[in-house]
Every structure is written in structure tokens, then in C-alpha cells.
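The values are calculated or read from the model by the stated rules, or taken from the named source; none is laboratory data. No experiment lies behind these values; they were computed from the predicted model shown. For neighbour counting, all protein chains shown are included, and Cβ atoms are generated from backbone atoms with ideal geometry for every residue, glycine included. Surface areas here come from the heavy atoms of the whole protein model, side chains and all, with no ligands, DNA or RNA. Shrake-Rupley method; radii C 1.70, N 1.55, O 1.52, S 1.80 Å.
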Amino acid sequence: MTETITLGQFIIRQQADFPFAKGELSRLLRDIGIAAKIVNREVSKAGLIDILGDAGGVNIQGEHQQKLDIYADRQFISALKSGGECCIVASEENEGIIRLDTDVSKNAKYIVTIDPLDGSSNIDVNVPVGTIFSIYRRKTTEGRPQLEDVLQKGTEQVAAGYIIYGSSTMLVYTTGKGVNGFTLDPSIGEFCLSHPNMQIPESGFIYSINEGNYVHFPQGVKDYIKYCQIEDPATKRPYSSRYIGSMVADVHSNLIKGGIFIYPVTASAPSGKLRLLYECNPMAFLIEQAGGRATNGDERILDLEITELHQRSPIFIGSKNMVEKAESFNLLNQVLQ
Ligand code: P6P
């Protein structure tokens, strides 16, 4: 009988790895875990309550907000507000930063960036969706927290992770000392360690990209896709094409099995579609910690300068050998209209 280690127990044990930690980061991760359980409860019964479908609003991205998007956004912000360890939240669902520096959080030193419900357009068809988060330390030291506290490069992250609401609900995160996965046990309402020290296979045989956009890809991306499809038993090609259309699900699948997830620039998304702050950076930090690689086709994602809250970036992320092979193609060259 293997020992059951809950997320809370694991966080406390890991705290010993941070000699100067006073428990704030531990409590912040706990707060995220609590909100994840609440969101999971609603996602798992979405078809039974009036929480499916379009909320009638449009977010800053111009995307139709789903009712569950807004519900998830509110739950994470509420948990972070009451937890008192976070002074600013930057969320996909909100145009500006949300300051939480209330009495409880007056001295809070952490920033959380979040995509509360990634892949939400898949909710109504029961495809896995997820939450993606990053945690930074506040940079400014005086006065109220500012936007500059949020606009930090990916290398400044102190923690990052995701929750995937799928056949089971998992929370996968890193604090820079490896990646660990926890599966929610509904019978006790706890995330329990199920995937210790996760490592992405160095090579993989799965490529994940929306080939419906093929005609609008840069020629280098088209060439890489053709490389994946050419018969070559020595390199186990053709690779399998697997695209779920939910970044968390696609990246999680490739983390477990090996593979590459690609969202390149296209004619309709000249800077890429995915957001650097709360999708690309957290996934890049986590996948690098699992031994993988993440670039924008030219530069390491974590090194990219960030100037806008909802800045987008192309992303090539996954097994180290696959991303390196893809980089040998000219992935950012001119998009053919
Ligand atoms: P497309 C979901 O809307 C999302 O933001 C990511 O989760 C996903 O990887 C991507 O967009 C899918 O985009 O254009 O292929 O439908």
C-alpha cells in the first residue's frame, strides 16, 4: 500500500527546499488548489446546471465568454483574495490587472497570472478543459502593486502549473525543482500525488497542430509538418497527429507520451494565438522543468520580453529533440496569404 501524499502535505514537505520560505508560497498554492476543486465541481456537472454555453459577453480577446469561463475566473480571484498571499491577478478574462491589496493582502508579495478556463469553447462537447497559472514575486517595493509587477519575463516565475479537468482532474505544477502531478480523489476531496517527478520523453512521435490552418502557415511550418508525415522507419515516421484543441489537454498528453504542440503564426494570428503571460510562459516553465523545450520558433519562450498584458506569441513546445528538429526549419518566415 503506497503512502497517500496530499497536495497540502507535499507543499509543506517541499517548503523545506526553500530555506527562507515563510509559508506564503505554500499557502498561495493551497489557495489555487482550493479554487481548482470548486471549479472542478461545476465543470463535472456542467451539463446538469445552467452553466453551459455562451455567457453573452466578449472578453478582451474578442472571444465569446462561456458561463463557466466567468465562473472559474471569479472562483480563482475569490480564493486568491481571501487567501491573502496575492496582491495582483492578471486574468485572460479581464482587460486590466486586478489589485487584491486589501487589508488581508496588504503585504502580499505574489502576483498570479491565470487563464481560468483554457479551451472553454470545448466545454459543451465534453472535451477536457483546464486552468493555467503562473506565480511571480512582486518587483516594486513601494506603494500599490503596479502593472510592471506583472509584466515580467518567464524566467522570473517562481511557480507555474495547470489543472486539467478531464477523465480525472489533475493539478500539475513546478516551483523550479521538478514537476509533480496530483490527481483529485473525489472520495476524500484531496489532490493526491500520483505522478511524482514528471519527465517528458526526450523524443516523441506525436505532433499537435490545427492543420486546418495549413494554407496560412509559414512555409517552414508547412515543411516541418511534411517532415512529420514522411515515411522513415529509422525515425519512426510518419508521426501521429493528435490535436484536442485545448492547450492544457494537448500539452499534458505530450508531457506524458512525448510529442510537440505547435501554435504558429498564421495569416489571421500574425503574432500567434496563445497568450505569453498566462498560457505560453507557465507551460514553458513547466515543460522545461520536465526536461522539454519551448520556443517561439526562434527564441526561448521564457526569455521573451513582455510589454503587454495580453501579448500573444507563437509556441513550439514539447519533447526536446522534436522542438530542436522543428527549429531547424524556418518557422517564422513569411506567412503566405
Ligand atoms: P484553434 C482554446 O481556445 C485555445 O486558447 C487553446 O486552448 C487551444 O490550444 C487553441 O486555443 C485552439 O485554437 O484555433 O486551433 O481552435
Just checking, does the range 318-327 include any residue being touching a residue at least 40 places away in the same chain (Cβ under 8 Å), within 16 Å of the ligand (Cβ to nearest atom), surrounded by 15 or more Cβ atoms within 10 Å (Cβ to Cβ) and not β-branched (Val, Ile, Thr)? yes
Would you tally the residues in the range 286-308 being more than 11 Å from LYS153 (Cα to Cα) and in contact with a Leu (Cβ under 9 Å, 6 or more places away or on another chain)? 11
In the range 187-209, the residues that are open to solvent by 60 Å² or more (accessible area, probe 1.4 Å), without any contact (Cβ under 8 Å) to a residue 60 or more places away in the chain and either closer than 14 Å to ILE260 by Cα or within 15 Å of the ligand (Cβ to nearest atom) (or both): PHE205
Every pair of residues 6+ apart whose Cβ atoms lie under 9 Å, when the first sits in the range 231-250 and is closer than 20 Å to PRO264 by Cβ and of a type in the set (Gly, Ala, Ser) while the second is open to solvent by 40 Å² or more (accessible area, probe 1.4 Å) and within 8 Å of the ligand (Cβ to nearest atom): GLY245/SER121; GLY245/ASN210; SER246/SER121
Quick count over the range 225-269, residues being away from the ligand (no atom under 14 Å from the Cβ), open to solvent by less than 10 Å² (accessible area, probe 1.4 Å) and within 21 Å of PHE182 (Cβ to Cβ), is 1
Check TYR136, TYR165 and return the single one that is under 25 Å from SER82 (Cα atoms), crowded, with 19+ Cβ neighbours inside 10 Å and without any contact (Cβ under 8 Å) to a residue 40 or more places away in the chain. TYR136
Any residue that is on the phi > 0 side of the Ramachandran plot, modelled with pLDDT of 90 or more and more than 19 Å from the chain's Cα centre (by Cα) - is there at least one of those in the range 67-85? yes
Checking ALA290 against (1) touching a strand residue (DSSP E or B) at 6+ places or on another chain (Cβ under 7 Å); (2) within 14 Å of the ligand (Cβ to nearest atom), the condition it does not meet: (2)
Kindly indicate the residue of the range 117-131 that is of a type in the set (A, V, I, L, M) and farther than 14 Å from ASN40 by Cβ and also farthest from the ligand (Cβ to nearest atom) among those meeting that condition. VAL125
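For the range 236-255, which positions are polar (S, T, N, Q) and either within 15 Å of ILE164 (Cβ to Cβ) or outside any strand (DSSP E or B) (or both)?
SER246, SER253, ASN254
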